[in-house]
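Input: a single structure, listed below in structure tokens.
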Amino acid sequence: MSDYRITLLKGDGIGPEIVDQAVKVLDKTAEKFGFTVEYDEALLGGCAIDATGVPLPEETVAKCKASDSVLLGAVGGPKWDTLPGSNRPEAGLLGIRGALGLFANLRPSVIFGPLKSASPIKDEIIGDNMDILIVRELTGGIYFGERGRKEVDGKPAAWDTEMYTVPEIERIARVAFEMAMKRNKKLTSVDKANVLESSRLWRETVIRLSAEYPEVELNHLYVDNAAMQLVRNPKQFDVIVTSNIFGDILSDEASMIAGSIGMLASASLSGGKLGLYEPIHGSAPDIAGKGIANPLATILSVAMMLRYSLNRLEAAQAIEDAVAKVLKTHRTPDIYEEGFVKVGCEEMGDLVCAAL
Ligand code: IPM
Ligand code: MG
């Protein structure tokens, strides 16, 4: 029997090619650090719709629940864009987050030294070691609230609801405070408390919980201001905690500040050992199958898995170090700069393995 069982959800577009490289790197890491991993594959997203008619088959949920951790590539593509909302590939992603209770989404935005010039923000604004962790609530709020269509004054209308309960806010805030304690002890809670009642409850709850973390310096920003501050002075941030929809938006913004969305990993945690790890970029259908996708965000997602679910801290660090080393000389097309060797997806995976 292997030490760990990992379910692979390769998904659509470039998903399969980047996951293959990440598996190669995990196998190499396991060999080096003396543990074993076995894999099982399951369908999610467009490939699941094609094979079974639904984006999240029951079998997929069962396989994920029976594993130690889940590695996801990406889902979605133009082929499924015209399906009704509840049967789109994205519904599968939301479904698996809900089914596995993955309420805490960690999205680090880190600048890899050699990639600094890839950021559209001026050098002096980013500084030398921008490192922001966005903690996004992932199973509540407007993504999971009631929604529908109706008629208003005889005209078609549609509505969605934002709602948070105190326990939901407390558990995500607690994750954020704990993360801040392990980092620079600064936490920014982002809301829209000048307008939304759900945000006022969010803010009150975060303030109440802060009594348990006296060492953490807590501040609050309205989401519009936070969006502005992220480009004005990203260095002011350490950990940011926010709702599902605000976190969706701010994490895309923060990823761009870091230079390349092709580099950033994410973890979705349930409070227990089971987590789901995925690159934050999408399925890039335009380059799928061409062998030019950047597998590094998925490889770095494996590092997060080793750190947060499997408690293999040294192995996680080894992968991150190997990636940093390879970036000094080699680049995939999305992060290519003159003077570097341009490589494809598979070669990049091989290089990281060699650097391990
Ligand atoms: C993300 C994505 C998803 C989200 C989409 C694909 C449903 O944008 O993970 O950030 O909005 O959560
Ligand atoms: Mg998003």
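Each reported figure results from applying straightforward, stated rules to the coordinates on display, with no laboratory input. Because the structure is a prediction, the values reported are computed rather than measured. With ideal geometry, Cβ positions are generated from the backbone for all residues, glycine too; neighbour counts draw on all protein chains shown.
Structure data summary
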read-out	value
Placed amide H near L44: partners under 5 Å, 5+ positions off or other chain	G11
Within straight-line cross-link reach of K63, aspartates and glutamates at Cα separation under 16 Å, skipping those fewer than 8 residues along the same chain	E38, D40, E41
Karplus-derived 3J(HN,Hα), 6.51/-1.76/1.60, for each residue of segment 68-83, Hz, glycine and proline x	7, 6, 10, 10, 10, x, 6, 10, x, x, x, 4, 10, 5, 9, 6
Candidates G98, G53, G271: whichever shows maximal mean-square fluctuation once the chain is modelled as a Gaussian network with Cα springs under 10 Å	G53
Neighbourhood charge, 9 Å Cβ-Cβ cut-off, centred on D68 and excluding it, Lys, Arg +1 and Asp, Glu -1	+1
Karplus (6.51, -1.76, 1.60) ³J(HN,Hα), θ = phi - 60°, over segment 113-118, in Hz, Gly and Pro reported as x	x, x, 9, 3, 5, 6
Entries of K24/K116; K122/K192; K10/K325; K116/K325; K185/K235; K116/K182 with Cα pairs more than 19 Å apart	K24/K116; K122/K192; K10/K325; K116/K182
Choice from A293, A173, A158 showing the highest fluctuation, given a GNM over the chain with Cα pairs closer than 10 Å	A158
DSSP beta bridges in the chain [antiparallel fraction, %, rounded to 5]	45
Relative frequency of Cα-Cα separations exceeding 30 Å in the chain, percent	37
Counted charge near I49, where neighbours are those whose Cβ lies closer than 13 Å (Asp, Glu -1; Lys, Arg +1)	-2
For segment 120-257, alpha-carbon Rg and Dmax in angstrom	16.5, 57
Least to most buried among I280, I142 (fewest other Cβ within 10 Å first)	I142, I280
Cut-off 12 Å between beta-carbons: net charge of the residues surrounding S268, Lys and Arg +1, Asp and Glu -1	+1
C-alpha center-to-center spacing [segment 299-341, segment 17-43] in angstrom	14
From phi via Karplus (6.51, -1.76, 1.60), per-residue ³J(HN,Hα) for segment 293-310 in Hz, x at Gly/Pro	5, 8, x, 5, 5, 6, 4, 6, 5, 4, 4, 5, 4, 4, 6, 8, 9, 9
Ranked K10, K116, criterion: other C-beta atoms within 10 Å, fewest first	K116, K10
Loop-located trypsin sites (Lys or Arg not before Pro) in segment 259-346 whose Cβ has at most 14 other Cβ within 10 Å (DSSP)	K273, K290, K328
Footprinting exposure proxy for S2, S243, S270, S198 (fewest neighbouring C-beta atoms within 10 Å first)	S2, S270, S198, S243
Longest DSSP-loop-exposure-free segment, GluC sites (Glu not before Pro), the chain, at most 11 other Cβ within 10 Å	1-145
Amide hydrogen neighbours beyond the local backbone of H330, cut-off 5 Å, H modeled	V341
Rounded to 5, the percent of DSSP beta bridges in segment 120-257 classed as antiparallel	30
